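Just so it is clear, none of the values below were taken in a lab; they were calculated from the coordinates. Treat the numbers as computed from the prediction; the structure is a model and nothing was measured. Cβ: placed from backbone, ideal geometry, glycine included. Neighbour counts: every protein chain shown.
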């Protein structure tokens, strides 16, 4: 494998830092190539602004056409272009981050906002009577896989179906489906480490063992079976799931996973 | 009312900028006090790091105890302390932002990550047999209300129950429930403007009228009826919704809204 690890924690000597280091050493020992985007160490610019688009920034600034213009001209900033190159190099992308306020830290959201430019991650492909662009099962990153490795402060019971925070798979759906599956990545079930604020040495040994097992099976793990957009499950252009295709008992986000 | 508007768009002359300006003028004309945190104009620092906590940053950096130490000592950075002061001044908080990748822009997530410090927005109240801290219906911001005003590129059908993106109320649940309701804010139904990338002049007039109506009824609009954590609906400490309390047909996030 060629694995890109996108890492988002300010402290190298943290639980997240340790899990990232473990991923690097485990994958390299297994003969895989690994590159790391350590966003804090890179002092990653988190905020989209006109400077991202140089002379292609419209005035007033409209983000979508500016992003398209700069991408098409090969004029995105060097930091963004480098991340796009890493994504195209990789066949597997690991995201390591702490869940802060039920989603990713701002620095990682800023990586998404800037790297996932128009004509790279969205605005790809034609819109006609049978296709609504290449996304959700197609797109620039099709054929690659992604996995989230997330640390969570609270206990697992809070993130179950009746748990007060809602089930983890639904909290992560906007990332899994909306960010990763959208430009074509296949998404593996996440590695979630609960109780991260209270972890002890022996807890970490257990977690390290579990994470190692997941890392060594990245090539064989079944992805989440999200429905593809352009292959008959959805009305076009309303993109409503066709009647009769739903799995009984499923609602909301669950409708968009095959039975 | 005393309204704080937290605004997150890089271009003043944008749809989001126009909606923000409309909120200011409409509320002021109705006799309300308004303050604005225009995050791009403020050059808001989006990324949590050790500098946020000064001499209270632990080494290695652990975000939670560092945040607690700096908050308790009144030693958070001036930008963060100013935002906390505005939140305590306000009785109503409006968030104006474009939905980017199914959630808020990084600069606004960074406002949450930094302003919602330990002992201010989380880590508040005792944990015992009947209470699991003051959150989800209690907390520092209890008695205040919040509303999201969000622009969305796609059409509404994509964000309905069978729509490919999932229903808007579930996409926004991690923000509504996990970020706003958590520290005590009552959350009003959002104002969502679809098709934002293709809006015309007459569309904007319709949107401006609808937003004005929402702004002038902020004091009387019923909040989303999220369940309170410590008042009998949940087992403690598992925080699982008690059996029999669910509204028939509801699952996942919907379980945490009263019937």
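For the range A:58-166, what does the relative contact order come out to in percent, with C-alpha contacts under 8 Å and a separation of six or more?
Details: 92 pairs, mean separation 33.0, N = 109.
Rounded, it is 30 percent for the range A:58-166.
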Q) How long, wide and thick is chain A, going by the Cα atoms along their three principal axes, in whole angstroms, largest first? A) 55, 48, 36
Q) Could you give the radius of gyration (one decimal) and Dmax (whole number) of the Cα atoms in the range A:116-168, in Å? A) 17.4, 47
Q) Along Cα→Cβ at 7 Å, what distances in nm separate the residue B:128 label point from those on the other copies, shortest first? A) 7.0
**Q.** Per-residue average of Cβ from other chains inside 10 Å of A:244-250
**A.** 1
Q. Cα centroids of the range B:54-77 and the range A:98-135: how far apart, whole angstrom?
A. 34
Q: Per residue of A:173-180, count partner chain C-beta atoms within 10 Å of its C-beta, then hand back the mean as an integer.
A: 5
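Working from the alpha-carbon coordinates of the protein assembly as shown, get Rg over Rh, Rh being the Kirkwood radius. Before the final figure, lay out each step's value.
Details: Rg = 22.1 Å, Rh = 23.7 Å.
Here the Rg-to-Rh quotient is 0.94.
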(Q) Label position 7 Å from Cα toward Cβ: report the copy-to-copy distances for residue B:82 in nm, one decimal, ordered from shortest. (A) 3.2
(Q) Considering just Cα atoms, how many Å³ per residue does the convex hull of the range A:37-143 enclose? (A) 133
Q: Could you please tell me the mean projected area of the C-alpha convex hull for the range A:195-259, averaged over all directions and given in square nanometres to one decimal?
A: 7.3
Q. When all C-alpha to C-alpha distances in the range A:143-258 are sorted into bins of 10 Å, what percent of pairs does each bin hold, rounded to whole numbers?
A. 12, 36, 34, 15, 4, 0
Q: Could you order peptides A:92-99, B:224-231 by the average number of other Cβ atoms within 10 Å of their residues, highest first?
A: A:92-99, B:224-231
Q. Build a GNM of chain A with springs between Cα atoms under 10 Å: which of A:85, A:246, A:129 gets the top mean-square fluctuation?
A. A:129
**Q.** Ratio Rg/Rh, restricted to the range B:1-96 and using Cα atoms, in which Rh is the Kirkwood radius
**A.** 1.08
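Whole-Å semi-axes of the range B:53-99's equivalent ellipsoid, largest first, each the root of 5 times a Cα gyration tensor eigenvalue? It would help to have the intermediate numbers written out before the result.
Working: eigenvalues 134, 39, 13 Å².
In descending order, the three semi-axes are 26, 14, 8 Å.
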Q.
What does the copy distance list look like for residue A:221, label position 7 Å along Cα→Cβ, in nm and ordered from shortest?
A. 4.0
Q.
Can you give me the C-alpha center-to-center distance between the range A:208-234 and the range B:163-189, rounded to a whole angstrom?
A. 27
Q. Using the per-residue mean of other Cβ atoms lying within 10 Å as a proxy for protection, in what order, highest first, do the peptides A:197-204, A:154-161 fall?
A. A:154-161, A:197-204
**Q.** Cα Rg, Dmax (largest Cα-Cα span) when computed across the range A:153-202, Å
**A.** 13.1, 39
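Given the peptides B:54-60, A:134-140, arrange them by the average over their residues of other C-beta atoms within 10 Å, most packed first. Don't skip to the answer; put the middle values down first.
Values: B:54-60: 13.7, A:134-140: 20.9.
By packing density, highest mean first, the sequence is A:134-140, B:54-60.
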Q | For the range B:81-205, diffusion coefficient by Stokes-Einstein and Kirkwood Rh (Cα), 25 °C, 0.890 mPa s, µm²/s | A | 155
Q: Please average, across the residues of A:44-50, the number of beta carbons from any other chain that are within 10 Å of each residue's own beta carbon, and give a whole number.
A: 6
Q | Choice from B:89, B:111, B:101 with maximal GNM fluctuation in chain B (Cα, 10 Å cutoff) | A | B:101
